[in-house]
1. Asp207 passes all but one of (1) closer than 20 Å to Arg378 by Cβ; (2) out of contact with any Asp or Glu (no Cβ under 8 Å at 6 or more places or on another chain); which number fails?
2. If you check Ala282 against the conditions, is it of a type in the set (Gly, Ala, Ser), in contact with a helix residue (DSSP H, G or I) (Cβ under 9 Å, 6 or more places away or on another chain), farther than 21 Å from Leu87 by Cα and surrounded by fewer than 19 Cβ atoms within 10 Å (Cβ to Cβ)?
3. Of all residues in the stretch 5-41, which are within 17 Å of Asp399 (Cα to Cα), part of a loop (DSSP other than H, G, I, E, B) and open to solvent by 30 Å² or more (accessible area, probe 1.4 Å)?
4. Kindly list, by first and then second residue, each pair from a residue in the stretch 54-83 that is open to solvent by less than 40 Å² (accessible area, probe 1.4 Å) to a residue that is basic (Lys, Arg) and not in a helix (DSSP H, G or I), limited to pairs with Cβ atoms under 9 Å and residues at least 6 apart or on different chains.
5. So, in the stretch 84-118, of the ones that are assigned to a helix (DSSP H, G or I), among the β-branched types (Val, Ile, Thr) and touching a strand residue (DSSP E or B) at 6+ places or on another chain (Cβ under 8 Å), which residue ends up most open to solvent (accessible area, probe 1.4 Å)?
6. Consider the stretch 267-279. How many of its residues are among the aliphatic types (A, V, I, L, M) and either crowded, with 17+ Cβ neighbours inside 10 Å or within 24 Å of the chain's Cα centre (by Cα) (or both)?
7. Taking the stretch 147-173 only, how many residues are more than 22 Å from Gln373 (Cβ to Cβ) and either in a strand (DSSP E or B) or without any contact (Cβ under 8 Å) to a residue 40 or more places away in the chain (or both)?
8. Within the group Leu159, Leu140, Leu174, Leu148, which residue is more than 18 Å from the chain's Cα centre (by Cα) and surrounded by fewer than 22 Cβ atoms within 10 Å (Cβ to Cβ)?
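The values are calculated or read from the model by the stated rules, or taken from the named source; none is laboratory data. Nothing here was measured: the structure is a model prediction, and the numbers come from that model. Because the Cβ atoms are built from the backbone with ideal geometry, glycine has one as well, and the counts that use them run over all protein chains shown. The area values use the complete protein model at the heavy-atom level, side chains included, leaving out ligands, DNA and RNA. Shrake-Rupley method; radii C 1.70, N 1.55, O 1.52, S 1.80 Å.
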Amino acid sequence: MSTTLTRAPFDLARIRADFPILGQLVHGKPLVYLDNAATTQKPASVIEAETRYYETENANIHRGVHLLSQIATRDYENARKKVARFLNSADATEIIFVRGATEAINLVSNSWGRKNVGKDDEIVITHMEHHSNIVPWQMLCEQTGAKLRVVPINDAGELDLEAYRAMLGERTKLVAVVHVSNALGTINPVKQMIAEAHAHGACVLVDGAQAVSHLRVDVRDLDADFYVFSGHKLFAPTGVGALYGKKALLQKMPPWQGGGDMIASVSFEKTTYNALPYKFEAGTPNIAGGIGLGAAIDYVEALGFEAIAAWEGALLEHGTKVLTAIPRVRLVGTAHEKASVLSFVVDGVHPHDIGTILDFEGVAIRTGHHCAQPVMDRFGIPATARASLAFYNTFEEIDALAAALHKVMEVFPHDGGQ
């Protein structure tokens with residue numbers, strides 16, 4: 001992603017004012033929040049939507065005849081319609097509310113997987129997956145006797161697509177692939193990969209946890225069978241997310257959890273299940289979180305993804321230039337197509353020490369394996385430091401990151417032995 005943009009295509013000062021947390025001091029320094037891949041900050045409109053629910057309409061949904069329940073049900077179901085529109089789903093019944101991307105993947109693994117995957121079948125994932133898109137499939141393979149196959153990545157952190165194509169065959173039942181890597185920032189060519197998997201009769205699940213805040217996602221254009229994301233990566237509250245599934249697939253899938261709201265009728269002899277999407281939503285959901293997710297979608301859609309992508313591309317370009325100019329800093333993940341992640345190591349300094357020193361300078365980044373230990377193994381490192389960007393970040397904040405890294409160098413001078 002290359003751009004010459006030097007000013008945000010929106011009123012950046014006003015945008016930052018929408019996020020109350022960005023105005024505070026940390027260790028006496030202005031907060032520089034660069035940990036957006038872990039979770040994003042919340043605009044006032046999202047906070048107010050949750051507060052308004054609890055202050056004026058708190059009630060359980062779907063089952064009450066009183067006014068508060070009807071209002072809460074209306075607002076919760078309106079949020080579902082917003083998610084459907086956001087992903088360009090054909091129908092809001094294709095949107096299942098879940099706790100987040102992890103639960104969505106486990107839902108598909110437990111429901112679709114147990115019904116459709118058998119002994120010696122194959123599930124294809126990639127070397128850059130988050131643990132949440134590895135472990136559920138390992139568990140399914142252990143239960144069914146299926147085999148897990150892993151698409152390798154090159155030194156830039158890009159998928160080996162020739163190896164991917166060679167893995168596809170008549171035994172391939174599912175491809176599970178991340179849209180944007182949380183550890184590297186790589187944007188994968190998922191539309192092309194989906195078409196190639198479909199040519200072999202395989203279904204495709206796309207983990208969009210890191211994509212939905214940076215890219216316009218159109219599940220019908222992608223032709224994805226399943227698409228999952230977490231609300232808190234999209235400026236919404238924690239504890240809520242969505243699973244998109246094609247209706248024809250969801251209708252054939254059994255529920256994976258039993259309880260209230262997912263049933264049409266219950267007797268000791270037989271239970272019949274509710275219609276979509278409710279048969280996958282047992283128990284009282286995160287109502288306030290769902291309403292907050294709807295408010296978050298309103299917020300990013302008002303900004304527009306063209307403007308978001310242009311500004312974040314400029315930030316990423318500036319950050320890449322600034323960090324690579326610092327001696328002893330090496331970027332991990334240099335794919336041609338990237339989004340908003342600057343993962344790096346500093347020669348002679350453990351990433352946890354980098355994160356601690358940066359914190360005292362007011363700069364919040366993430367250090368560790370980022371729930372992507374196979375990625376770390378691929379690059380022969382235990383961990384990285386990761387700065388991850390959002391549309392409310394500025395060039396000055398990236399410069400503050402660079403200045404703080406120079407302080408790291410002062411604390412850990414390079415003498416060849418440290």
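1. The one condition Asp207 does not meet is (2).
2. Numbers: of a type in the set (Gly, Ala, Ser): yes; in contact with a helix residue (DSSP H, G or I) (Cβ under 9 Å, 6 or more places away or on another chain): no; farther than 21 Å from Leu87 by Cα: yes; surrounded by fewer than 19 Cβ atoms within 10 Å (Cβ to Cβ): yes.
Spelling it out, it is not the case that Ala282 is of a type in the set (Gly, Ala, Ser), in contact with a helix residue (DSSP H, G or I) (Cβ under 9 Å, 6 or more places away or on another chain), farther than 21 Å from Leu87 by Cα and surrounded by fewer than 19 Cβ atoms within 10 Å (Cβ to Cβ).
3. Leu5, Thr6, Arg7, listed by residue number.
4. Ser69/Arg63; Thr73/Arg63
5. Residues of the stretch 84-118 assigned to a helix (DSSP H, G or I): 84-87, 92-94, 101-116.
Next, from what is left, pick out any that are among the β-branched types (Val, Ile, Thr): 93, 102, 105, 108.
Still in the running and touching a strand residue (DSSP E or B) at 6+ places or on another chain (Cβ under 8 Å): 102, 105, 108.
Working: Thr102: 71, Ile105: 0, Val108: 0 Å².
Once the filter is applied, the top-ranked residue is Thr102.
6. 1
7. Quick first cut of the stretch 147-173, residues more than 22 Å from Gln373 (Cβ to Cβ) only: 161-162, 165-166, 168-173.
With the extra rule that they be either in a strand (DSSP E or B) or without any contact (Cβ under 8 Å) to a residue 40 or more places away in the chain (or both), the set shrinks to 161-162, 165-166, 170, 172-173.
Looking only at that region, the number is 7.
8. Numbers: Leu159 fails: surrounded by fewer than 22 Cβ atoms within 10 Å (Cβ to Cβ); Leu140 fails: surrounded by fewer than 22 Cβ atoms within 10 Å (Cβ to Cβ); Leu174 fails: surrounded by fewer than 22 Cβ atoms within 10 Å (Cβ to Cβ).
Going through Leu159, Leu140, Leu174, Leu148 in turn, just one is more than 18 Å from the chain's Cα centre (by Cα) and surrounded by fewer than 22 Cβ atoms within 10 Å (Cβ to Cβ): Leu148.
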